[in-house]
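Since the structure comes first, as C-alpha cells, the remarks are kept for the end.
The values are calculated or read from the model by the stated rules, or taken from the named source; none is laboratory data. Quick caveat, the model's predicted, so the values are computed rather than measured. Using ideal geometry, Cβ is built from the backbone for each residue, glycine included, and neighbour counts are taken over all protein chains shown. Ligands, DNA and RNA are excluded from the accessible area calculation, which covers all protein heavy atoms including side chains. Shrake-Rupley method; radii C 1.70, N 1.55, O 1.52, S 1.80 Å.
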Amino acid sequence: MRKPFLDTGWRPSRRLVLAAGALVALLVLAAVLALGTRSGHGTDAPRTQSTPAVPQESASTPGPATRSGSTSVPGPPPLSDPLAFARASAVMLWSFDARTTRHGEQLAGMRTWMTNESAYADWDSVQAQIPDPVLWARLKDNAQHATATVSEAHFPSAFKAALAENPTAITEAYIYAVTVRGKTRLAWTGGGSGAEDRQITLAVQCRPGTDCRLVAVAPNVAP
C-alpha cells in the first residue's frame with residue numbers, strides 16, 4: 001500500500017496583496033496579516049457612512065460546521081455573517097475527495113466562493129490550499145479523501161484592536177479577518193485513516209445586503 005499523504009497543511013504561495021488604493025482596508029487587515037505597515041490611519045475613511053457593528057462572536061459560532069467528501073465542491077452558502085461564512089469556508093478548504101473530483105474541478109468549485117472584486121481577491125492564496133496536479137494524482141491513486149469539522153471561529157485580537165482604533169475603516173471594503181479552528185479526518189486505500197487539528201485565518205468580505213465571499217487566506221494564523 002502506498003504511503004498516504006497526510007500533511008494537508010498546504011501554505012499560501014505569497015502574502016495577501018490588496019489594491020494600492022484601498023488604504024483603509026489595508027489598515028484593518030495589516031494588523032492581522034502581518035504586512036508590517038499600517039497606512040491610512042483613518043484619514044481616508046468615509047465620513048458619511050455609519051459605523052457598522054461587528055457581529056457578536058457568541059451569536060455567530062453555533063454548533064460545528066461539517067462537510068463530507070463529495071464529487072464536487074459545494075457552492076458558497078447564502079450567509080451574511082462573517083464568522084458563519086468563515087466557518088463554512090474553512091470546511092470547504094479542508095475537505096476533498098480525490099477519488100471522484102479532478103484537480104481542475106476542485107479549483108473551479110473553490111473559485112465560486114471568491115469575491116468578484118478583483119481589487120481585493122487573492123486567488124493565489126486560496127488555490128495554494130490544495131496540492132498541485134502531480135500530488136493530486138498521488139492522492140487519487142491512494143483513493144484519499146477528507147472530511148472536516150469546525151469547532152470555533154473568532155475575530156483575531158489584532159483585527160478587533162485595529163477596528164477599535166478606526167471603527168469606520170471597515171466600510172471601505174467590508175473585509176473581516178476570522179480565525180477558524182477545527183479538525184480534518186482523512187481516509188485512504190486499505191482502510192487507512194488519520195486526523196489532524198487545523199487552524200486558519202481567512203479574510204472574508206460581507207458587504208451589507210449581500211452574501212459573504214472569500215477574499216484570501218492569511219499566510220499566518222492570527223490569534
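Residues that are open to solvent by less than 10 Å² (accessible area, probe 1.4 Å) and not in a loop (DSSP other than H, G, I, E, B) were ranked within segment 110-135; the one that is nearest to residue 78 (Cα to Cα) is 110.
Filtered by the rule that a residue be within 23 Å of residue 110 (Cβ to Cβ) and crowded, with 21+ Cβ neighbours inside 10 Å, segment 150-173 gives 150, 153, 173. With the condition kept exactly as written, say whether any residue in segment 207-218 is in contact with a Ser or Thr (Cβ under 9 Å, 6 or more places away or on another chain), surrounded by fewer than 23 Cβ atoms within 10 Å (Cβ to Cβ) and closer than 20 Å to residue 107 by Cβ. Yes: segment 207-218 contains one or more residues that are in contact with a Ser or Thr (Cβ under 9 Å, 6 or more places away or on another chain), surrounded by fewer than 23 Cβ atoms within 10 Å (Cβ to Cβ) and closer than 20 Å to residue 107 by Cβ.
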